[in-house]
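Here is the structure we will look at.
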Amino acid sequence: MFGSTIRFWAKGWIDSLFIQPDNFFHYYGFEWVKPLGEIGMYAVFVLLIISSIFIAFGLFYRWASVTYFILFTYVELIDITNYLNHYYFISLVALLMCFLPAHRLFSVDVWRRPSIGLNKVPNWTIASIKFQLGLVYFFAGIAKLNYDWLFNAMPMSIWLQAKTHWPIIGDLFAEKWIAYSFSWMGCIFDLTIVFFLLTRRFRAIAYLALVIFHVLTGIMFPIGMFPWIMILATLIFFSDDFHQKLLLFLSSLFKDRIKPLKEDNYVVLHGFKKKLLTAFLLSCMFFQMVFPFRYLLYPGQLFWTEQGYRFSWRVMLMEKAGTAFFYVTNPQTGKRGEVDNSQFLTATQEKMMATQPDLILQYAHIIKQEVELRGLKDPIINAEVYVTLNGSRSKLFIDPKVNLAELEDGLIHKDWILDF
Amino acid sequence: MKRFTQIVVIIFIVLGLGSCRPDGVDDKVEYSDLFENVADNIVVPRYAQFQSDLSALEASLNTFDASDVSSLISLQEQFKAAYLSWQSVSVFEFGPAAEYSALLRANCNSFPANISRIEENIEVGDYNLDFPSNYEAKGIPAFDYLLFHTNNNDLLVELSESSRIAYLQDCLDDMQARVDEVVNAWDSYRAVFVGSEGDDQNSSLSLLFNQFLYDFERIKREKLALPAGFASNYGIPLDADTSVVEARFSKMSFQLMDANLASLENIYLGIGNDGLDGVGIFEKLKEYNAQSTVVDGDLAIAIQEQFVICRAAISQFTNDLAFEIVHNISEVQETSNQFQKMVPMIKNDMRSYLSVTVTLTDADGD
């Protein structure tokens, strides 16, 4: 987390994502989340960095983890075009960590107040993290169970095509069977890995496979920190023996300061607190297991309409690109003009908007607002959007005749999306 | 739960390792043949050409004789040559040309020219051409105005005033200084450009692709849609305005547009300034066996053909754009439609195959 935040800063993304854009795309229901301006945003990131350091060293853990969760989630909610599954994952884990006693051993908190030291924790604490990790893999696997992925090796073929220049192995990437095996292996890996990790017997080999998988995807695709985070996070599946040894090794680095706890020490929650926590965790789990299936409530093809696509661990699943031409018509004169998207959006925002219907609609409303600000009331706003999905023919994506300025975003089906 | 603490601690350690993430897969840069051809046979010779055309313009200006109409005509011809060769370098607005001290696009060709500002500068005689407020009062469009805005006899009278010639000289010095700087910087930037790996924001692949797209979109919007009344400004639909065409006074709008398209076409095909065909984007798309999603078949061919169609659409006009907008708007609209058709070929298809991230951030495929 510390690494991620530093990386985010170093790449200049604070400026390019939160300060430069004139307009922001909101999450449905979170329209009230606004960026804080230059100083504010940098302050937020300084706090994120400090709290992530505090979490790692176990200093003022409770405060740090709550701060981290709130700020990280806030940053993500500012602009939906920055949405990534692994940011959602970090938010969820950060939420869980607010409740975990992760500072009760080998931490500065314990060094300060040895009485809070624990060497045993209830099973739910570790299980909740395991559950969260397993869910990510399993749902990513389920998402791959679709016709294009399995039987057309799409979009894997397109991605591999672009890597055929790699020496030695490059030629292989042009082979159709390689694309098929990558697709199938990826799918089987995602579906089964968590179960292998749970068994003592296959754990080591499963972990080895996992490291290879993530390193490979990390090199091949622009997915940032995600593979490295997963490689580390899945260590939690290993036995406490393994972690004790690791701790022992680490503590040898500070051996004067840390005294091992003599007797077993643990906490158990009772009564209302326990009920509340159980209810909270169970509802979290239930929500996450059901939410990804909400797409079933919408007609049309999920990858095309993207209704119910986000927050469902659909990672690296499709190759979609779009070009969007927006037109504003003056209702009085009938005068029509094409919008210069770069006057309102950054290149990234434009790219993300052009393939996602809810964002197309939001953008139309941004245009409407800007135009009305400049004195043209009730503009008619149409969009001609061409989208290609997994190498298919670029098609008209939404009805170019519909006046987007009159539509409101909502959770009901958007009937102005044309069929795939 | 102590484990979790440990895990977080280990994250630190491995993040340290993560920074040296394994990339030893290849030593040779994937696009180095393309970059080498673009740098050595396209960028460098084109800048050299522009530089020498500016020098020739300087010579004509220095020997200008306001009593001799042939002197004016040769100055005008030299101007036209320089304006045409500018079109071949406008796309390279990255690296040296994008440095704040250069910013060639803004400094050399901000049109339409701000006429009252030019006249005011000349009259007052006290101006700083480095100020962004003077972008529209200098560069090639200032020449366009001062050398063409009325008939040659009247121009000769005007240009007999030394302040006007001095202003032209200052505008020219300003451009030459910037172009010289860019040409010199390319000496060392060449290695950076050719050796660039990957496709992130600052990679050569991304810079070249994005400027290629941007230059094309500028032709479509600023050179055609804005004067023709097909565009909007901040969403407000604009009426046709023939005063905002490029080269308003020398009436070279279509020639310049064609030169600009040809410049992009040659980068696409990899054709050098000497006319030799090397590795271009075309060859890369061929290697990938890229398929077009906009029209049927091969993407490399589809884009090649669309360039031909766009240039053919321009060549049918016999007058300049300002005239055609007034008298032949439907053909202008048709030309604009052909330009429009190219955009998804570049934005959807070429981008997918070159895997250029317009994104400045990580993607996870959605």
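Answer with yes or no whether B:SER206 is at pLDDT below 95, surrounded by 20 or more Cβ atoms within 10 Å (Cβ to Cβ), at negative phi and assigned to a helix (DSSP H, G or I). So B:SER206 passes the test.
Filtered by the rule that a residue be open to solvent by less than 30 Å² (accessible area, probe 1.4 Å) and touching a residue at least 40 places away in the same chain (Cβ under 8 Å), the stretch B:110-140 gives B:ALA113, B:ILE118, B:ASN121, B:ILE122, B:LEU129, B:ILE140. Determine whether the stretch A:171-183 contains at least one residue that is among the hydroxyl-bearing types (Ser, Thr, Tyr), open to solvent by 20 Å² or more (accessible area, probe 1.4 Å) and modelled with pLDDT under 80. No - not one qualifying residue is present in the stretch A:171-183. The set of residues in the stretch B:60-109 that are crowded, with 17+ Cβ neighbours inside 10 Å and of a type in the set (D, E, K, R) comprises B:LYS80, B:GLU93, B:ARG105. Residues of the stretch A:291-324 being within 7 Å of chain B (Cβ to nearest Cβ) and either in a strand (DSSP E or B) or in contact with a His (Cβ under 9 Å, 6 or more places away or on another chain) (or both), which ones? Those that are within 7 Å of chain B (Cβ to nearest Cβ) and either in a strand (DSSP E or B) or in contact with a His (Cβ under 9 Å, 6 or more places away or on another chain) (or both): A:VAL315, A:ALA321, A:GLY322, A:THR323. Scanning the stretch B:267-293 for residues that are open to solvent by 30 Å² or more (accessible area, probe 1.4 Å) and within 14 Å of another protein chain (Cβ to nearest Cβ) returns B:VAL279, B:GLU283, B:LYS286, B:GLU287, B:ASN289, B:GLN291. Kindly establish whether A:GLN369 is over 26 Å from the mean Cα position of the chain (by Cα), within 12 Å of A:ASN23 (Cα to Cα) and more than 8 Å from chain B (Cβ to nearest Cβ). Criteria met by A:GLN369.
Is there a residue being over 27 Å from A:ILE367 (Cβ atoms) and within 14 Å of another protein chain (Cβ to nearest Cβ) anywhere in the stretch B:179-189?
For the stretch B:179-189, residues over 27 Å from A:ILE367 (Cβ atoms) and within 14 Å of another protein chain (Cβ to nearest Cβ): absent.
Filtering the stretch B:141-161 to residues that are open to solvent by 50 Å² or more (accessible area, probe 1.4 Å) and of a type in the set (A, V, I, L, M) leaves only B:VAL157. Note on the stretch A:191-222: residues that are buried (at least 20 other Cβ atoms within 10 Å of the Cβ) and facing chain B (nearest Cβ under 8 Å) amount to 1.
Would a scan of the stretch B:53-75 turn up a residue that is out of contact with any Cys (no Cβ under 6 Å at 6 or more places or on another chain), closer than 23 Å to B:TYR268 by Cβ and either at pLDDT 95 or above or away from chain A (no Cβ under 14 Å) (or both)? I'd like the intermediate steps shown before the answer.
The initial filter retains those residues of the stretch B:53-75 that are out of contact with any Cys (no Cβ under 6 Å at 6 or more places or on another chain), namely B:53-75.
With the extra rule that they be closer than 23 Å to B:TYR268 by Cβ, the set shrinks to none.
Scanning the stretch B:53-75, I find no residue that is out of contact with any Cys (no Cβ under 6 Å at 6 or more places or on another chain), closer than 23 Å to B:TYR268 by Cβ and either at pLDDT 95 or above or away from chain A (no Cβ under 14 Å) (or both), so the answer is no.
Can A:PHE272 be described as in a helix (DSSP H, G or I), open to solvent by 50 Å² or more (accessible area, probe 1.4 Å) and either modelled with pLDDT of 85 or more or not hydrophobic (A, V, I, L, M, F, W, C) (or both)? No; evaluated as a whole, the condition is false for this residue. Among the residues in the stretch A:382-391, are any surrounded by 23 or more Cβ atoms within 10 Å (Cβ to Cβ) and of a type in the set (S, T, N, Q)? Yes, some residue in the stretch A:382-391 is surrounded by 23 or more Cβ atoms within 10 Å (Cβ to Cβ) and of a type in the set (S, T, N, Q).
Just so you know, in the stretch B:296-335 the residues that are outside any helix (DSSP H, G or I) and farther than 28 Å from B:PHE249 by Cα include one that is most open to solvent (accessible area, probe 1.4 Å), and it is B:ASP296.
Need pairs with beta-carbon distance below 6 Å; first residue more than 7 Å from chain A (Cβ to nearest Cβ) and within the stretch B:228-242, second open to solvent by less than 60 Å² (accessible area, probe 1.4 Å) and among the charged types (D, E, K, R); sequence gap 6+ or separate chains. From residues that are more than 7 Å from chain A (Cβ to nearest Cβ), there are no pairs.
Restricted to the stretch A:348-364, and to residues there that are under 25 Å from the mean Cα position of the chain (by Cα) and under 22 Å from B:PHE230 (Cβ atoms), the residue that is farthest from the other protein chains (Cβ to nearest Cβ) is A:ILE360.
Here's the yes/no breakdown for (1) open to solvent by 40 Å² or more (accessible area, probe 1.4 Å); (2) among the small types (Gly, Ala, Ser); (3) without any contact (Cβ under 8 Å) to a residue 12 or more places away in the chain; (4) in a helix (DSSP H, G or I):
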position	(1), (2), (3), (4)
A:THR333	yes, no, yes, no
A:SER342	yes, yes, yes, yes
A:HIS365	yes, no, no, yes
A:VAL371	no, no, no, yes
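The values are calculated or read from the model by the stated rules, or taken from the named source; none is laboratory data. The structure displayed is predicted, hence computed values, not measured ones. Note that we place each Cβ from the backbone using ideal geometry, even for glycine, and neighbour counts take in every protein chain shown. Areas reflect the complete protein model, heavy atoms only, side chains present, ligands, DNA and RNA absent. Shrake-Rupley method; radii C 1.70, N 1.55, O 1.52, S 1.80 Å.
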